[in-house]
Amino acid sequence: MTGRPAFRWSPLAGIAGIGVMVGHWLSYDVAIPGAGLRSEILAATGHSWWEFGVKVLALLAVVGFGALVASRMASRPDAVGVERWSFVATRLIPLQLVAFLGMEGAERIAAGAPLSGLLDHHVLLIGLAFQVITAVAGAILLTCFDRAVVRVVAAIRRRRTIAPARPRSIALPSPVLLLRSTLLAGAPGLRGPPRS
């Protein structure tokens, strides 16, 4: 993600946020398969903010992708380069791991639940594994989106550089010739002597 530093981090933050939420949801779904027990544990460990968090992350993702498009549109044509997905993943993985740990810790502290509860049902271990998986998937998604944006921007720039064809000029008759031909168009022909 070349370009301005502000734009470089906003797509990563959006993808990382989505990855954290998806990994978080998957980790609880896999670690605690029973829906009733899972609902009880989620309620007891401070997960009541979930719907609001999903809305905020959707907004962050839209802003992040929009910033990526704006950054590509504003960049010089010779400065366009797309990062490898593996490079993007090396940024997303630690970002998501730290965010997941921080989120789980903050949820439990706010709810008054013990942090040791993360070790129950292997939620912590499964959650960290899903964060790595979603980070890699997010890196691939972001890289593919970036490549598509680069192609679209290049096509737009090529289209702008092609000079539009000039319309051929049509030789219009002079006003005198136009008036004369109009007047003569209604004439009955050669005039002869008057009839008697």
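The values are calculated or read from the model by the stated rules, or taken from the named source; none is laboratory data. All values derive from a computational prediction rather than experimental measurement. Quick reminder, even Gly has a Cβ in these numbers, built from the backbone with ideal geometry, and neighbours come from all protein chains shown.
For residue 135, the stated conditions do not hold, so it cannot be described as loosely packed, with under 13 Cβ neighbours inside 10 Å and either modelled with pLDDT of 90 or more or farther than 20 Å from residue 54 by Cα (or both). Would a scan of region 94-111 turn up a residue that is of a type in the set (A, V, I, L, M) and at pLDDT below 80? Yes; the residues of region 94-111 include at least one that is of a type in the set (A, V, I, L, M) and at pLDDT below 80.
Within region 103-123, being at positive phi and without any contact (Cβ under 8 Å) to a residue 60 or more places away in the chain holds for one residue alone: 112. Applying the condition of being touching a helix residue (DSSP H, G or I) at 6+ places or on another chain (Cβ under 8 Å) and either over 18 Å from residue 120 (Cβ atoms) or assigned to a loop (DSSP other than H, G, I, E, B) (or both) to region 24-48 and asking which residue is modelled with the highest pLDDT yields 32.
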